[in-house]
Amino acid sequence: MAKKQARVRGFIWRHSFLLALVVMMVFVASLGFVAYNYVRITKRFDSSRQWDLPSRIYSDAMPIVPGLRYPRALLEPKLNHVGYVEVARALENPGEYRYTSAGLEIYLQNFAYPDIDFRAMPVRIEFDHSQVKRIVRLPDEISLRAVRLEPELVTSIYDEVMEDRVPIPLDSVPKWLSEAIVAAEDKGFYHHEGVSIRGILRAAYTNLRYGEVRAGGSTITQQLVKNLFLTPDRNFGRKAKEALMAILLETRYSKNDILEAYLNEVYLGQNGSVQMKGVEEASRVYFSKPARYLTLPEAATLAAIIPSPNYYSPLNHPERAENRRNLVLRLMLEQKKITEEQYAAAIKAPMTLNRYPRELRSAPYFVDLVMKQLRETYPETQLKTEGLRIFTTLDTVMQRAAEKALERGVASLAKTYSRIRKSPTPLEGVVITIQPGTGYVKALVGGRTYSRSQFNRALQAKRQPGSLFKPFVYVAAMDPARGREALTVSSRLDDSPIAVQTGSGVWRPQNYDNRYHGTPSVRQALANSYNVPAVRAAIDAGVPNVIKLAAQIGVSSRLEPYPSVSLGAFEVTPLEIAYAYSVFANEGVKAEPISILAVATREGKVLESREVHMKRVISASLTYVVNNILQDVLNYGTAAKVRQLGFDRNFAGKTGTTNDYRDAWFIGYSARILTLVWVGFDDNHSVGLSGGAAAVPIWADYMNRVIDTVPQTDFRRPDDIVERQIDPESGQLATSACPTSESEIYVRGTEPEESCQLHSYGTEPFFPFMNGGREQPQARAGAGDPGSEQQQTAREEEKKKKKKRPRLFRWLFGDQ
């Protein structure tokens, strides 16, 4: 024995240096390992940005103004989507609302907006039916001119991890939420140094009993370390590393620092494919409110689902969540975190959940437009990690109404027409709403179902506009700069067969009803969308001039100089043609399209603010005349069905139908709002319906739902618009001999100067043999002066006509 001990001592002595070196190396390695993890932990915690955050895209703020109508069916979903919850009691916290006999009470929320900070305050909105009569601030009853609901979160721009969180400080969390989590997850949190020996022993017993790792015995600190730095694998090596890092974390940071990080990091379930991280995000999804306003039962519910958020999801498994919530409340009572009275009230409380769970990506086709513009300025990594706040022009009330109207309208067409129902490809559609005076895109639907097809027809589909192009033809033909050659509203156009020689042969355009209508006026031809008169008008104005005018207005697609361009025989995108029409709605001024208002950092620093760019491209007076004609499209023309469907606003508009009925269009607008609807098949086969039959019903359904939220205004009448009484048959100034007359408008300088020659010829009777040879009263011309220049001109013109008549017809007309 002694010899053996001597050999050991000898070995140690001989190798003492080597052993000391090994011990030192192990010590240094251990020290380095500890130091590495310490630096790793402190670097993450001391960073001003602990997490990569997705950028968020918001809608525009929603104004509520006296005089406008906000039906409850539109307003209440908006409140819920923004994050307001209905209560039965008096309002106590921001984000609450209730309907009373006096009106709607809303406790507006705080929100940082680029140009203004929304401040929380309670208001009452008084209605006369659905029309806002008065807005008052509570409780002092001071009248307000308007209020705005803060922007609605539309979507977030995620990275590959697909996590969503809203970091908040610990003092923004109600005390009973943090106490509920501590009671359920780590009741000794405030007493251990990062690791609970009792918890480890309890977990070790469980694991030995089952022969595998089933329990971790992790403290809140250990859970935080695992979530931030380690993998979720269950093995002893990882647990040892987790324990060491938890101890290091506790040596450097306070319990409040650790608890705050845990509340912002804890996983609380899935919202679709996105992970909900942190109590603030979960509170908004599950209860539609910020965490600071959680009630005791709601706080206990969040604490209850932490062990298995998807299994205990209150949205998918409310009974499981309620049972687990009650267990957490019992633990809080046993640990003296709540009183018996609080426990009794909370245990009886029903599960009050969000009635309108936030969609992961609402308005997806609109978001496509926003992302296209964002990527021109910001790198993808910045959009996915820096938590930018993007404020857009979107009106979510209009957007949701547009989506529903399109789906209802297409379904109705399929139900009515078997060829649509039996089509191998689904019928598609587009709805676009813009604000003409600003260029703001307020709603954009690029197809029926984004999950089925991400092809954004509003931006990408190239379709023939058909008759939508005709107003541009008439604007070119009616340009006052053409002098006396310019057409006017009352000019007569030849609607008879026409053959036009083109490079590929002879083109013979026809009207859609396969009939000809004599000599309609410009107003009649455009309101009824006759093809042949439009072709003649284009030839009269010069096809190159028409193309130049269209490009000036905003048609950016390539147009070939052929007469068929007058009937829209080329391709445009729906958004392109919508903005071209906005020039008419905006008194001849072109506004550039805008979908992004501002971009700010997560701290609120504004990176960019986009301004409205305006340019006059048509005179206001000519625009007014065209708008006046296009109002008749809705009153008696190709879109008269709008009136049958209950839309009574004074709007202008134009239908469009292409060859073989492949595309059906309708654009209707006022000075405040413009909406386009397109219906067609992606493979370009025939819909078999005109714009009036396919697009108008969808437009009317949508606009009837949202139009009361838009101020009612007429088109402003310029000073150089004049009125004249004309004979509707001749288009000339009416005389006392004309059987009827009507008022017509003109740009000053283009009004007719000749008196009607159809019903009166100077002092001669129309048919002298039918009047006993007696003379008729002299026709009045111009301002009513028989000796005026207009009358003299009319007489001279009449003399020229008499000389040209054959003798037989001179007797018939009573010529001498």
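The values are calculated or read from the model by the stated rules, or taken from the named source; none is laboratory data. If you're wondering where the values come from, they're calculated on a predicted model, not measured in any experiment. With ideal geometry, Cβ positions are generated from the backbone for all residues, glycine too; neighbour counts draw on all protein chains shown. Side chains are part of the model used for accessible areas, which takes the heavy atoms of the whole protein and leaves out ligands, DNA and RNA. Shrake-Rupley method; radii C 1.70, N 1.55, O 1.52, S 1.80 Å.
Collect the residues in the range 437-455 that are open to solvent by less than 30 Å² (accessible area, probe 1.4 Å) and basic (Lys, Arg), keeping them in residue-number order. If the condition is that a residue be open to solvent by less than 30 Å² (accessible area, probe 1.4 Å) and basic (Lys, Arg), then 442 is the only one that fits. The condition (being within 16 Å of the chain's Cα centre (by Cα), touching a residue at least 12 places away in the same chain (Cβ under 8 Å), within 30 Å of residue 558 (Cβ to Cβ) and assigned to a helix (DSSP H, G or I)) is satisfied by just one residue among 459, 444: 459. For the range 574-593, the tally of residues that are open to solvent by 10 Å² or more (accessible area, probe 1.4 Å) and either in contact with a Leu (Cβ under 6 Å, 6 or more places away or on another chain) or among the hydrophobic types (A, V, I, L, M, F, W, C) (or both) stands at 2. Per the conditions (1) more than 30 Å from residue 379 (Cβ to Cβ); (2) without any contact (Cβ under 8 Å) to a residue 12 or more places away in the chain; (3) of a type outside the set (A, V, I, L, M, F, W, C); (4) not in a strand (DSSP E or B), the sole criterion not satisfied by residue 143 is (4).
Among the residues of the range 462-487, the ones that are open to solvent by 20 Å² or more (accessible area, probe 1.4 Å) and in a loop (DSSP other than H, G, I, E, B) come to 4 in all. The criterion of being modelled with pLDDT of 95 or more, assigned to a helix (DSSP H, G or I) and of a type in the set (A, V, I, L, M) holds for residue 633. Of the residues making up the range 312-327, those that are open to solvent by 20 Å² or more (accessible area, probe 1.4 Å), touching a helix residue (DSSP H, G or I) at 6+ places or on another chain (Cβ under 7 Å) and either within 22 Å of residue 277 (Cβ to Cβ) or hydroxyl-bearing (Ser, Thr, Tyr) (or both) number 3. Residues that are of a type in the set (Asp, Glu), surrounded by fewer than 20 Cβ atoms within 10 Å (Cβ to Cβ) and in a helix (DSSP H, G or I) within the range 382-436 comprise just one, 407.
Taking the range 257-357 and the helices (runs of 4 or more DSSP H) fully enclosed by it, the elements with 2 or more residues that are within 32 Å of the chain's Cα centre (by Cα) are at 279-287.
Among the residues of the range 597-620, write down those that are open to solvent by less than 10 Å² (accessible area, probe 1.4 Å) and in contact with an Asp or Glu (Cβ under 8 Å, 6 or more places away or on another chain). Selection gives 598, 599.
Checked against (1) out of contact with any strand residue (DSSP E or B) (no Cβ under 9 Å at 6 or more places or on another chain); (2) within 21 Å of residue 461 (Cβ to Cβ), residue 650 meets all criteria but (2). Does any residue of the range 284-298 turn out to be small (Gly, Ala, Ser), open to solvent by less than 10 Å² (accessible area, probe 1.4 Å), without any contact (Cβ under 8 Å) to a residue 40 or more places away in the chain and touching a Gly at 6+ places or on another chain (Cβ under 8 Å)? No, there is no match, as no residue in the range 284-298 is small (Gly, Ala, Ser), open to solvent by less than 10 Å² (accessible area, probe 1.4 Å), without any contact (Cβ under 8 Å) to a residue 40 or more places away in the chain and touching a Gly at 6+ places or on another chain (Cβ under 8 Å). Note on the range 641-656: among residues that are free of Cβ contacts under 8 Å to residues at least 40 places away in the same chain and open to solvent by 10 Å² or more (accessible area, probe 1.4 Å), the one that is nearest to the chain's Cα centre (by Cα) is 648.
Could you check the range 187-200 and list, in sequence order, the residues that are at negative phi and open to solvent by less than 40 Å² (accessible area, probe 1.4 Å)? If the condition is that a residue be at negative phi and open to solvent by less than 40 Å² (accessible area, probe 1.4 Å), then 188, 189, 192, 195, 196, 199 are the ones that fit. Of all residues assigned to the range 368-379, none qualifies as being of a type in the set (Val, Ile, Thr), over 22 Å from residue 80 (Cβ atoms), open to solvent by less than 40 Å² (accessible area, probe 1.4 Å) and not in a helix (DSSP H, G or I).
Contact annotation: residue pairs with Cβ atoms under 7 Å, 6 or more positions apart or on different chains, pairing a residue in the range 581-593 that is touching a residue at least 24 places away in the same chain (Cβ under 8 Å) with a partner that is assigned to a helix (DSSP H, G or I) and of a type in the set (S, T, N, Q), are 584/623; 584/627; 587/623; 588/623; 591/582.
Among all residues of the range 152-170, there is at least one that is part of a loop (DSSP other than H, G, I, E, B) and under 30 Å from residue 65 (Cα atoms).
Residues in the range 743-756 that are surrounded by fewer than 16 Cβ atoms within 10 Å (Cβ to Cβ) and under 18 Å from residue 630 (Cβ atoms): 743 only. Picking from residues in the range 136-151 that are acidic (Asp, Glu) and within 18 Å of residue 93 (Cα to Cα), the one that is surrounded by the most Cβ atoms within 10 Å (Cβ to Cβ) is 150.
A residue that is under 23 Å from residue 290 (Cβ atoms), within 27 Å of the chain's Cα centre (by Cα) and modelled with pLDDT under 95 occurs nowhere in the range 130-140. Scanning the range 430-441 for residues that are within 9 Å of the chain's Cα centre (by Cα) and more than 16 Å from residue 406 (Cα to Cα) yields one hit, 441.
Restricting attention to the range 623-635, the residues being among the aliphatic types (A, V, I, L, M) and either within 28 Å of the chain's Cα centre (by Cα) or open to solvent by 10 Å² or more (accessible area, probe 1.4 Å) (or both) number 3. The set of residues from the range 657-706 being part of a strand (DSSP E or B), more than 22 Å from the chain's Cα centre (by Cα) and crowded, with 24+ Cβ neighbours inside 10 Å comprises 657, 663, 664.
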